[in-house]
Amino acid sequence: MAEDRFRVRPDRKFRLEDHDPGFTGRFESKEDGKRHLEEGLAKLRDLQEKLYAQDQWAVLLIFQAMDAAGKDSVIEHVMSGVNPQGCQVFSFKAPSAEELDHDFLWRTTRCLPERGRIGVFNRSYYEEVLVVRVHPQILAKQKLPPALVTDRIWKERYEDIGAFERYLSRNGTVIRKFFLNVSKEEQRERFLARLDQPEKNWKFAAADVEERRQWDEYMKTYEEMIEATTSEEAPWFVIPADHKWFTRLAVADVIVETMQELDLHFPEVSEAQRQELQRARALLEGG
Ligand code: ATP
Ligand code: MG
């Protein structure tokens, strides 16, 4: 269900206002959704084992959102069941001096998942058409030759991202991108909770409240970016994020549905291998 409902189609106009951050579908409460989530996580564990054993496909999951939308907790919960050896999570913060000395896809390219693995990007190269666009002073520090910085730069970055994702998918990396759609009001409440509860204080960053003042600018930028970069091979999913329990369930559903389409299976044992296994058994049984 999630795969279809939240997927952004490349051939249609995309409007963020058509997506309700408070949506919870047929589930009324966290309790109500619990079984569904647990079943989803069990399926995911099983699919991931096969992905690993088959060693052909790689899966790349990209998470983007405003602060406090719940990226960290979704990643933690959805990946909690899978074998850590088959899954790698990378978080991308403001780039280092070394990273700024390279093209904008460099640092994330080094972290792409290998065949058989699930790679998770907590923020990604999409920051390059989000925070960098909302704050022109960040672009100014990217050391690009001035002749290349024109008003076409965002369109060019969308194109480069699209080409890069097509290239990856043609090489066996399956890409799914999630925008966790939290409302401005819910974000406010989560920030207040970070201030009120001592054990959440560490998560509070004054800079996040500054960013919040540009909420409308961010929403416009997200909307344009999602419309321009959703594609058949690397679709965006706009996931309702005002209820964390629903966000987890919906993200897990999309991943499960995606992996079910891959026809994953354990490698088959050949006749020669089977005979070898029988010889091994005979040896072991002999003492
Ligand atoms: P998060 O907010 O994702 O939970 P965090 O609070 O642990 O993570 P921050 O120190 O807030 O980490 O780092 C993320 C910050 O880095 C965000 O404000 C993000 O916009 C910024 N960032 C990420 N990629 C880039 C980039 N390519 N250029 C500039 N800023 C970036
Ligand atoms: Mg932050």
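Quick check on residue 144: is it outside any helix (DSSP H, G or I) and either within 16 Å of ligand 2 (Cβ to nearest atom) or without any contact (Cβ under 8 Å) to a residue 12 or more places away in the chain (or both)?
Considered against the rule, which asks whether it is outside any helix (DSSP H, G or I) and either within 16 Å of ligand 2 (Cβ to nearest atom) or without any contact (Cβ under 8 Å) to a residue 12 or more places away in the chain (or both), residue 144 comes out as yes.
If a residue counts only when it is away from ligand 1 (no atom under 14 Å from the Cβ) and over 17 Å from residue 73 (Cβ atoms), which helices (runs of 4 or more DSSP H) contained entirely in the range 172-229 have at least 3 such residues?
By residue number, 184-196, 215-229.
Determine whether the range 257-266 contains at least one residue that is open to solvent by less than 10 Å² (accessible area, probe 1.4 Å), part of a helix (DSSP H, G or I), more than 16 Å from ligand 2 (Cβ to nearest atom) and more than 17 Å from residue 126 (Cα to Cα).
yes
Looking at 110, 157, 123, 133, which one is at positive phi, at pLDDT 95 or above, within 15 Å of ligand 1 (Cβ to nearest atom) and of a type in the set (D, E, K, R)?
Result: 123 is the single residue among 110, 157, 123, 133 that is at positive phi, at pLDDT 95 or above, within 15 Å of ligand 1 (Cβ to nearest atom) and of a type in the set (D, E, K, R).
Could you tell me whether the range 24-38 includes any residue that is touching a helix residue (DSSP H, G or I) at 6+ places or on another chain (Cβ under 7 Å), closer than 21 Å to residue 65 by Cα, part of a loop (DSSP other than H, G, I, E, B) and at pLDDT 95 or above?
Yes: the range 24-38 contains one or more residues that are touching a helix residue (DSSP H, G or I) at 6+ places or on another chain (Cβ under 7 Å), closer than 21 Å to residue 65 by Cα, part of a loop (DSSP other than H, G, I, E, B) and at pLDDT 95 or above.
How about the range 69-115: which helices (runs of 4 or more DSSP H) wholly inside it have at least 3 residues that are in contact (Cβ under 8 Å) with a residue 40 or more places away in the chain, buried (at least 17 other Cβ atoms within 10 Å of the Cβ) and within 17 Å of the chain's Cα centre (by Cα)?
Answer list for the range 69-115: 71-78.
Out of the residues in the range 51-68 meeting the condition of being surrounded by 18 or more Cβ atoms within 10 Å (Cβ to Cβ) and more than 17 Å from the chain's Cα centre (by Cα), tell me which one is nearest to residue 256 (Cα to Cα).
Residue satisfying both the conditions and the ranking: 51.
Is it true that residue 144 is within 15 Å of ligand 1 (Cβ to nearest atom), open to solvent by less than 70 Å² (accessible area, probe 1.4 Å) and within 20 Å of residue 126 (Cβ to Cβ)?
Taking the combined requirement at face value, the residue satisfies it.
Please work out which residue is most open to solvent (accessible area, probe 1.4 Å), limiting yourself to the range 206-240 and to residues that are of a type in the set (A, V, I, L, M), more than 16 Å from ligand 2 (Cβ to nearest atom) and within 17 Å of residue 185 (Cα to Cα).
Applying the filter and picking the extreme gives 219.
The values are calculated or read from the model by the stated rules, or taken from the named source; none is laboratory data. Just so it is clear, the model here is predicted, and its values are computed rather than measured. Heads up, the Cβs are rebuilt from the backbone with ideal geometry, glycines too, and the neighbour counts pull from every protein chain shown. Ligands, DNA and RNA are excluded from the accessible area calculation, which covers all protein heavy atoms including side chains. Shrake-Rupley method; radii C 1.70, N 1.55, O 1.52, S 1.80 Å.
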